[in-house]
Amino acid sequence: MSRRAALLPALIVAVGLAATAAPLLLRNAVDAAVPADLRVATSRLVVDRDERLLRAFQVEDGLWRLPVTRADVDPLYVAMLQASEDRRFAEHRGVDATALVRAAFQLATSGRIVSGGSTLTMQVVRLAERRHTRTVGGKFGQIVGALALERYAGKDDILDAYLRLAPFGGNVEGVRSAALAYLGKEPRRLTPAEAALLVALPQAPEARRPDRHPERARIARDRVLDR
């Protein structure tokens, strides 16, 4: 089965459930859902007297997942992230029906994925629960999980979870780990090009790793800058 054939039914079901169809079924599923646990282990750090990082340790699953919150990241990166991944993050309740409709239409008419339709909340659910979302059932579960999570957690908590959990290739997880690994710096001050690169990498972390595929990483970065 082609990628398009596998994704199109899931997107269509997602659109129907999120926008118009079976509202009672969806409401009951959300009521019964257990929100994703946003508490994840982060790397233990050794810092100097000025709180500058000297050394970090991998978490038990072998990942470099450094603690990070929105306050630790350049606002430019956050603005680019929302502009690229979830323009209505501040307004929606976990699912953006307009984005899902657009993604399904683009996939059906162009034969390729132009935009994914997943909100940052939906991505956090997928990452926190290690969900498979390329099937009808997986996409439905992701939607239910996102709606349930937004009942429980605030937008700042969800954004902080994304900053910690976003994959950047290999065993690098989270935007702070990625900034140190690929840019050699903390993410507090980023150029537009650096911020765009960090936005682009989680969309295809292995295919765009700057250390292995610098040209692909550059093209993806430039697309974010253009947008």
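Coordinate-derived values only; no laboratory data. Since we're looking at a predicted model, the values are computed, not measured. Cβ atoms come from the backbone with ideal geometry, glycine included; neighbour counts cover every protein chain shown.
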query: From the backbone phi of the range 191-200, what are the Karplus-calculated ³J(HN,Hα) couplings (6.51 cos²θ - 1.76 cosθ + 1.60, θ = phi - 60°) in whole Hz, Gly and Pro given as x?
result: 6, x, 5, 5, 4, 4, 4, 5, 6, 6
message: At 20 °C and a viscosity of 1.002 mPa s, what translational diffusion coefficient does Stokes-Einstein give for the range 122-164, taking Rh as the Kirkwood radius over Cα pairs? Give it in µm²/s as a whole number.
response: 206
query: What is the fewest-to-most order of Tyr77, Tyr152 by other Cβ atoms lying within 10 Å of their Cβ?
result: Tyr152, Tyr77
task: Give me the distance between the Cα centres of the range 187-227 and the range 35-105, rounded to whole Å.
output: 15
